[in-house]
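All remarks here apply to the structure that follows.
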Amino acid sequence: MQFPERFSDLPEYAFPRLRSLLDPYAAGGDVLHLSLGEPKNPFPDWVSAIIARESAGFGRYPANDGSPDLLEAISGWLARRYGVQVDPGSRIMALNGTREGLFSAAVALFPERKAGQRPAVLIPNPFYPVYAVGTVTAGAEPVFVDAGPDTGFLPDFAAVPADVLARTVAVYVCSPSNPQGAVASAGYWASLLALAERHDFRILADECYAEIYRGDPPVGVLQAASAAGADPERVVAFHSLSKRSNLPGLRSGFVAGGPQTIAAIKRLRAYAGAPLPGPLQAAAAAVWRDEAHVTENRASYARRFAMADQIIGGVEGWSSPPGGFFLWLPVDDGETACVKLWRETGVRVLPGAYLARDSGGTNPGKRNIRVALVAPDDDVRRGLTALVACLKDAR
């Protein structure tokens, strides 16, 4: 029995790798999971009531592209948040979580050839794994562009060789970035839009952490494209309720772009998509319209980052990220640090190398660990205090 070769060099997914690394050892204290970016804050208590009220909808096939009410709610949120007017019928499609959209967009949008060659897709390194899997599935070549301290933890796509840019069909960008929490400025977006125009590629912007920030709200790609007068087909934005509203299990997200782009993604969804059930779409519409819970959620993460500044602030190499809910901490070796922390304290974090690929002979995440600030405040304080005491000699 043969299997496709296109997936043969994919590394094992990060969390099975983490289990293989740590499970042979006993925890050195009360177990505290700070490895997975799964929000633990409460979601709005009225969500369950809406789902119950709309439960008859489970007996019907859901609207494939999103109900009119949900699409209107998303369009209204984009107008309030970014000051952009996006037609709900032609420029937005509801998603069963942004991972679905980030994958299916690659299949729907990436051409088979560019300039007579295999197309290239530029991916930040470290990165969310679906970027690479979608690229490979579409038959394109993933090109990993390191995003380290020297580039402000955002990829410098302009530094990619000219021959690669000539066959580039898309770039993936995450802002605020996972895992480093870097935020793309208006200037960064403007430069990337100009580069995309020169070399004729799309920008796929993963903005699922856009509502978790400290300071000014992050600029979005739709906002930047509107300000620049860019072709709306040039940018594709992805958003989710998972982090914004602490609803990862609702699986509600959306993709927004130009009419032709969304039509192509809708065409594929009609054959291969898994639309969100009707009662969940009704709940999602109400959640996109409410901001009070988002403000409260953002404040809870701000408290935890203030706590991190207090506990870790004196450690060499510490930099407080402006967005997201992860810490990206420098260590001598990520796997060694994770094992030491687990065996001595019971705190579980993720080696940075598991989120990156070797590039130029090195893995840009090898000397980092990722810590998710998703646990309750007291647990975060305990975990960070244990981490600093345990790893004081590991950086």
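Please specify each residue of segment 1-25 satisfying the condition of being more than 21 Å from residue 385 (Cβ to Cβ) and of a type in the set (A, V, I, L, M). 1, 10, 14, 18, 21, listed by residue number. Once segment 222-249 is narrowed to residues that are of a type outside the set (Gly, Ala, Ser) and more than 22 Å from residue 326 (Cα to Cα), the residue that is farthest from the chain's Cα centre (by Cα) is 231.
For every residue, the table says whether it meets (1) closer than 15 Å to residue 37 by Cα; (2) without any contact (Cβ under 8 Å) to a residue 40 or more places away in the chain; (3) of a type in the set (S, T, N, Q).
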| residue | (1), (2), (3) |
| --- | --- |
| 311 | no, no, no |
| 315 | no, no, no |
| 334 | no, yes, no |
| 340 | no, no, no |
| 347 | yes, no, no |
| 362 | no, yes, yes |
| 366 | no, yes, no |
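Scanning segment 60-92 for residues that are touching a helix residue (DSSP H, G or I) at 6+ places or on another chain (Cβ under 6 Å), of a type in the set (Gly, Ala, Ser) and crowded, with 21+ Cβ neighbours inside 10 Å turns up just one, 73. Scanning segment 1-20 for residues that are over 17 Å from residue 348 (Cα atoms) and either in contact with a helix residue (DSSP H, G or I) (Cβ under 9 Å, 6 or more places away or on another chain) or not aliphatic (A, V, I, L, M) (or both) yields 2, 3, 4, 5, 6, 7, 8, 9, 10, 11, 12. Would it be correct to say that residue 158 is surrounded by fewer than 18 Cβ atoms within 10 Å (Cβ to Cβ) and either over 23 Å from residue 324 (Cα atoms) or at pLDDT 95 or above (or both)? The answer is yes for residue 158. Of the helices (runs of 4 or more DSSP H) entirely within segment 81-183, none holds at least 3 residues that are in the same structural domain as residue 365 (by TED's automatic domain parsing) and aliphatic (A, V, I, L, M). Residues satisfying the criterion are absent from segment 10-22 (criterion: in the same structural domain as residue 280 (by TED's automatic domain parsing), crowded, with 16+ Cβ neighbours inside 10 Å, touching a Pro at 6+ places or on another chain (Cβ under 8 Å) and part of a helix (DSSP H, G or I)).
Note on segment 125-153: residues that are farther than 14 Å from residue 357 by Cα, surrounded by 22 or more Cβ atoms within 10 Å (Cβ to Cβ) and touching a strand residue (DSSP E or B) at 6+ places or on another chain (Cβ under 7 Å) amount to 2. Each residue in segment 146-158 was checked for being touching a residue at least 60 places away in the same chain (Cβ under 8 Å) and in contact with a Leu (Cβ under 7 Å, 6 or more places away or on another chain), and 1 of them qualify. Please go through segment 93-124 and pick out each residue that is within 16 Å of residue 274 (Cβ to Cβ), aliphatic (A, V, I, L, M) and surrounded by fewer than 23 Cβ atoms within 10 Å (Cβ to Cβ). Once the filter is applied, which keeps residues that are within 16 Å of residue 274 (Cβ to Cβ), aliphatic (A, V, I, L, M) and surrounded by fewer than 23 Cβ atoms within 10 Å (Cβ to Cβ), segment 93-124 yields 107, 108. Annotation note: Cβ proximity below 6 Å between a residue of segment 160-181 that is free of Cβ contacts under 8 Å to residues at least 60 places away in the same chain and on the phi < 0 side of the Ramachandran plot and a residue that is charged (D, E, K, R) and surrounded by 24 or more Cβ atoms within 10 Å (Cβ to Cβ) (sequence gap 6+ or interchain) occurs for 174/206. Residues of segment 269-289 that are surrounded by fewer than 15 Cβ atoms within 10 Å (Cβ to Cβ) and more than 21 Å from the chain's Cα centre (by Cα): 270, 271, 272, 289. Only one of the listed residues (229, 187, 215) is over 21 Å from residue 97 (Cβ atoms) and at pLDDT below 95. That residue is 215. The residues on offer are 6, 91, 60, and the sole one that is charged (D, E, K, R) and at pLDDT below 95 is 6.
The values are calculated or read from the model by the stated rules, or taken from the named source; none is laboratory data. Note that the structure is predicted; figures quoted are calculated from it, not measured. Every residue, glycine as well, gets a Cβ built from its backbone with ideal geometry; the counts of neighbours run over all protein chains shown.
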